[in-house]
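K.L.:
Structure below; questions to follow.
Quick note: the coordinates plus some simple rules give every number you see, no bench work behind them. What you see is a predicted model; the values in this text were computed from it and never measured. Neighbour counts run over all protein chains shown; Cβ positions are idealised from the backbone, glycine included.
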Amino acid sequence: MRLLRGLAAGLQQAPAYMDLYAHSLWALLTVNRWLPLADPALAEALAAYIARLLDHDGITPRARGELSSVHYVLRENST
């Protein structure tokens, strides 16, 4: 959970590293799909933030794809 919290915070605080945070979140949640269930409030807030990011054009195609996958996992495992 500590890693998920740190990556979620980093995604919001360091937009210059969005590709790195997007990939790291994607890799973490691909292997540990249960993580959103451990902290539903964090998962909900992260899903909402990612949805806003996906509505903007300022992200790379790779980050967009990985964030879309992360958003799906967060929504799939929401309670």
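K.L.:
Taking +1 at the Cβ of each Lys and Arg and -1 at the Cβ of each Asp and Glu, which of 34, 12, 49 sits farthest along the dipole of the chain towards its positive end, judged by Cα position relative to the Cα centre?
P.N.:
Selected residue: 34.
K.L.:
What are the ³J(HN,Hα) couplings of region 40-55, residue after residue, when phi is run through the Karplus curve with 6.51, -1.76, 1.60 and θ = phi - 60°? Round to Hz, x for glycine and proline.
P.N.:
Rounded to whole hertz, the list is x, 5, 5, 4, 5, 5, 5, 4, 5, 5, 5, 4, 5, 4, 5, 7.
K.L.:
Given +1 on the Cβ of Lys and Arg, -1 on the Cβ of Asp and Glu, and no further charges, what dipole in debye does the chain carry about its Cα centre, rounded to the nearest 20?
P.N.:
On the way: 7 positive and 7 negative charges, 30 e Å.
Here the size comes out at about 140 debye.
K.L.:
With a ≥ b ≥ c taken as the square roots of the eigenvalues of the C-alpha gyration tensor of the chain, please select rounded if a/c is under 1.5 and otherwise prolate if a/b is larger than b/c or oblate if it is not?
P.N.:
On the way: a/c = 1.59, a/b = 1.45, b/c = 1.09.
Here the chain falls in the prolate category.
K.L.:
Could you derive backbone 3J(HN,Hα) for region 56-73 from the dihedral phi with the Karplus parameters 6.51, -1.76 and 1.60 (θ = phi - 60°), listing whole Hz in sequence and x where the residue is Gly or Pro?
P.N.:
For region 56-73, the Karplus-derived couplings read 9, 8, x, 10, 6, x, 5, 4, 4, x, 5, 5, 4, 5, 4, 4, 4, 4 Hz, x marking Gly and Pro.
K.L.:
A further question follows. Taking the Cα-to-Cβ direction at residue 31 and at residue 5 and moving 7 Å from each Cα, how far apart do the two end points lie in nm?
P.N.:
2.0 nm
K.L.:
For a quick check of your reading of the filter: which chymotrypsin sites (Phe, Trp or Tyr not before Pro) in the chain sit in a DSSP loop and have no more than 15 other Cβ atoms within 10 Å? Let's see the in-between values first.
P.N.:
Details: sites: 17, 21, 26, 34, 49, 72; in loops: 34.
Answer by residue number: 34.
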